Amino acid sequence: MKPELEEIAAFLLRQLLEKGADDAVVHAHSSSLHQIKFANNKVAKTGTDDAASAIVFVAKNGRTAMTTLKRFDREQATETAAKLVKFTSSLQPNPSYAGIAEGSFKYPSVPGFDSSLTSLEDKAVDLVEKCVNAAREQGAERTAGVFEWGTEEEFLVTSRSVEARQEGTSLYFSLRAMAADGSGHKVAAARKLSALKANEAAEQAGELAVKSRNPVDAKAGNYDVVFDPLSFSCLLDTAGQAASIFSVEAGFSFFTGKQGTPVASPAFTMWDDGTLEQGFNSTAFDDEGVPTRKNLLIDRGVLKGFLHNTSTAKRHKTQTTANAGLVAPEPWNLVVDKGKHSLEELFGEARNGLYITNVWYTRFQNYVSGDFSTIPRDAAFLIKDGELTQPVKGLRVSENMVSLLKKVKALGRDRQQIRGWEVETPVLTPPALVEKVRITRPVS
């Protein structure tokens, strides 16, 4: 991070305290994000976005407020401090605020900086073109998608003796392949270029596109479903959000009142891990500066607890899980324990069912009960006698999230890290076989 950003962040903290703030947090970010978009097998757009900003949090007499600083100089910092403390004083007390973490801390080493990304721009177009060709070699006619990579530096300083800094890199690749009326979609995400399986994702997307040509309308009913990591992660992302105590308090969690009870099958164990190697959102510290760790959310089907920051932990008489969000605790990386089966063995366990590779528009009819629906997108297939057969279309998964998790019968042994449009929290998951999933037809 540029020295002046750290200097101004520290200066701003001092100004906030001098103006009368009881607690304050300044979290500065500096990033450089590169992007290549491609369509119809050709690069369509390239761009770079260099940005710097700081999230500023203030508490005074039980009142709290936040703002974002985008201009880094002493004049702006002084003006921001005066206005923010004055504005905070005019607010109503925040009954949910109970303080921030008391430092200082020692931080874990979270590997995830790839120096080669600083010179990747010259080779990135070649990487994209190779992936497009890999999909076409599988029979895809057209491809579209995006390749993003970047570097980020953070500096966090608080009124509670916390001073923390880190740097990291990230890469994300998404390719959708089309072949006549068939399509396949795959993604890849990593912290280092050597761990990014972009070419493999492109090949798989192309293969799925070809295999899914000429789909027929599926019949409604209850099916044993093999969910690909991409489709399963979309569902698990909602489970991660439901595990935040904020969702419970706000009335948006299907885990409300279920701590210590089964919310999934004994085959299912899920963690939140802020220290995950190659985890897309891995970080050494949360927004209060607390060192991150692994938190067991669901242990062999039983809900073990919720994600907290310091304030929510005090209200619920527990300890922070290092998932601040100063307002709402959030998961970092969701990790599902792997099973023992290959994908083909899961098809064999399903015998007669469905293989769903992707979903979108996951929407809840009732957050607390967990009733939801989602629409399979791209390649989906009937499974007959343990083998993929006819590609199908016109499906809707109409289920209850807790019920679905309880019907997980088996998990694959190969995990993929998924991050994407409908997967805001990165998820490391194997494919999953879920029994008796309710499949309906979309209403036209």
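None of the figures in this text is laboratory data; all of them are computed from the coordinates on show. None of these values were measured; they are calculated from a predicted model. Cβ atoms come from the backbone with ideal geometry, glycine included; neighbour counts cover every protein chain shown.
Read phi for every residue in segment 114-127 and hand back ³J(HN,Hα) as whole Hz from Karplus 6.51 cos²θ - 1.76 cosθ + 1.60, θ = phi - 60°, with x for Gly and Pro.
10, 5, 5, 5, 5, 10, 6, 3, 5, 9, 5, 4, 4, 4
Pop out the ³J(HN,Hα) list for segment 169-180 in order, Karplus 6.51 cos²θ - 1.76 cosθ + 1.60 with θ = phi - 60°, rounded to Hz; leave Gly and Pro as x.
10, 8, 9, 9, 9, 9, 9, 10, 10, 10, 9, 6
Tally Lys and Arg at +1 and Asp and Glu at -1 over the other residues with C-beta under 13 Å from the C-beta of L196: what net charge comes out?
+4
On a 20 Å Cα-Cα criterion, which of the cross-link pairs K338/K406; K186/K393; K211/K436; K304/K406; K186/K294 come out too long?
Too far apart for the 20 Å limit: K211/K436; K186/K294.
Could you work out how much longer the chain between K83 and A250 gets when fully extended? Use 0.36 nm per residue separation minus the Cα distance between them, nm to one decimal.
This chain segment gains 57.2 nm when fully extended.
On a 0 to 90 degree scale, rounded to 10, what angle separates helix 229-242 from the longest Cα axis of the chain?
So the helix axis and the longest Cα principal axis differ by about 40 degrees.
Nearest 0.05, what FRET efficiency do V368 and V443 give at R0 = 35 Å with Cβ-Cβ as r?
Result of the calculation: an efficiency of 0.90.
Label points 7 Å out from Cα along the Cβ direction at E4 and N222: separation in nm?
6.6
Express in nm, to one decimal, how much length is gained between K340 and L33 on full extension, taking 0.36 nm for each residue of separation and deducting their alpha carbon distance.
Residue separation times 0.36 nm, minus the Cα-Cα distance, leaves 106.7 nm.
Non-local amide H neighbours of L354 (under 5 Å, H modeled in plane, Pro and chain starts lacking H): which ones?
When sequence neighbours closer than 5 places are left aside, the close amide H contacts are D224, V225, V226, I383.
With +1 assigned to the C-beta of every Lys and Arg and -1 to the C-beta of every Asp and Glu, and no other charges, what is the dipole magnitude of the chain about the Cα centre in debye, to the nearest 20?
Around 1260 debye, computed over the chain.
Select from T48, Y97, V162 the residue farthest towards the positive end of the dipole of segment 3-211; place +1 on Cβ of Lys and Arg, -1 on Cβ of Asp and Glu, and compute about the Cα centre.
Value: Y97.
So what J values fall out for segment 130-136 if you push phi through Karplus, 6.51 cos²θ - 1.76 cosθ + 1.60 with θ = phi - 60°, rounded to Hz, Gly and Pro as x?
Once rounded to whole Hz, the list reads 5, 5, 4, 5, 4, 5, 5.
Could you work out the longest stretch of the chain that avoids the trypsin sites (Lys or Arg not before Pro) located in DSSP loops with at most 11 other Cβ atoms within 10 Å?
The answer is 107-316.
I need Y361, Y355, Y107 ordered by Cβ neighbour count within 10 Å, fewest first.
So the residues, fewest neighbours to most, are Y361, Y107, Y355.
For the chain, which semi-axes, largest first and in whole Å, follow from the square roots of 5 times the eigenvalues of its Cα gyration tensor?
Equivalent ellipsoid of the chain: 41, 28, 17 Å, largest first.
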